[in-house]
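Reviewing the structure listed below.
The values are calculated or read from the model by the stated rules, or taken from the named source; none is laboratory data. Here the structure is a predicted model, which means the values were calculated and not measured. Because the Cβ atoms are built from the backbone with ideal geometry, glycine has one as well, and the counts that use them run over all protein chains shown. Quick note on the areas: whole protein, heavy atoms, side chains included, nothing else; ligands and nucleic acids left out. Shrake-Rupley method; radii C 1.70, N 1.55, O 1.52, S 1.80 Å.
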Amino acid sequence: MEELKNFSACDGHIESVLIGCGTVKVSFQTWDAQKLVIVYDGVESVRESHAVFGDVAEYRETTNGDGLAWHEFIDTDGEPVLSIAAESMKIYKAGENAEADEALFDVGVEYIGGQRQREFLE
């Protein structure tokens, strides 16, 4: 996987969120179907409100001087749908052949998304 310095969240969506002990993995798909994995380490807090599959308009990162940064995915109404307080963040571009099942059992940075929304609604 290729590590990236930043990404454009506008018109993208979160495909899945995996919360572990002090770590959160967010599978994100950009407007142009690029698959990303964003890994947060040293996580202290996670707040979520209908984050998966909704349109994301913006991504914000703010710090408050205590060693943690707030990372927020903002929806088209200007409301945060996913907020993570973490010590660090890394962004990876996922490969084209990444499989969801492999990622769920792996502690690496593989892509977790790829589910279809209707699978959860049925």
Table column - 3J(HN,Hα) (Hz), the range 2-17, Karplus curve with 6.51, -1.76, 1.60, x for Gly and Pro: 8, 7, 10, 8, 7, 7, 9, 8, 4, 6, x, 8, 7, 9, 6, 10
Hey, what did the range 4-53 get for relative contact order, percent, Cα under 8 Å, at least 6 apart? 33
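Which peptide among 18-27, 80-89 comes first, and what is the full order, when sorted by highest mean count of other Cβ atoms within 10 Å? Kindly include the intermediate steps, with their values, before the conclusion.
Working: 18-27: 16.2, 80-89: 18.7.
Descending mean neighbour count gives 80-89, 18-27.
Over the range 15-102, what is the mean sequence separation of C-alpha contacts under 8 Å (at least six apart), divided by residue count, expressed as relative contact order in percent?
Details: 174 pairs, mean separation 24.8, N = 88.
Computed value for the range 15-102: 28 percent relative contact order.
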With every protein chain in place, what's the accessible area of Asp77 (1.4 Å probe, Å², nearest 10)? 120
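Note down the net charge around Asp11, summing +1 for each Lys or Arg and -1 for each Asp or Glu among other residues with Cβ under 13 Å from its Cβ.
On the way: positive: none; negative: Asp32, Asp55, Glu58, Asp75.
Taking every Cβ under 13 Å from that of Asp11, the sum is -4.
For Glu48 and Cys10, calculate 0.36 nm times their separation in residues minus their Cα-Cα distance, and state this gained length in nm to one decimal.
Numbers: separation 38, 0.36 × 38 = 13.68 nm, distance 1.84 nm.
Computed gain between Glu48 and Cys10 is 11.8 nm.
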Label 7 Å along Cα→Cβ of Glu2; the range 17-48 residues with amide nitrogen under 18 Å? 28-39
Plugging the Cβ-Cβ distance of Glu58 and Lys90 into 1/(1 + (r/R0)^6) at R0 = 22 Å yields, to the nearest 0.05, a FRET efficiency of 0.65
Go through the range 46-63 residue by residue and turn each phi into a ³J(HN,Hα) via Karplus (6.51, -1.76, 1.60, θ = phi - 60°); whole Hz please, and just put x for glycine and proline. 9, 10, 9, 8, 6, 6, 7, 6, x, 5, 9, 9, 7, 10, 10, 10, 10, 10
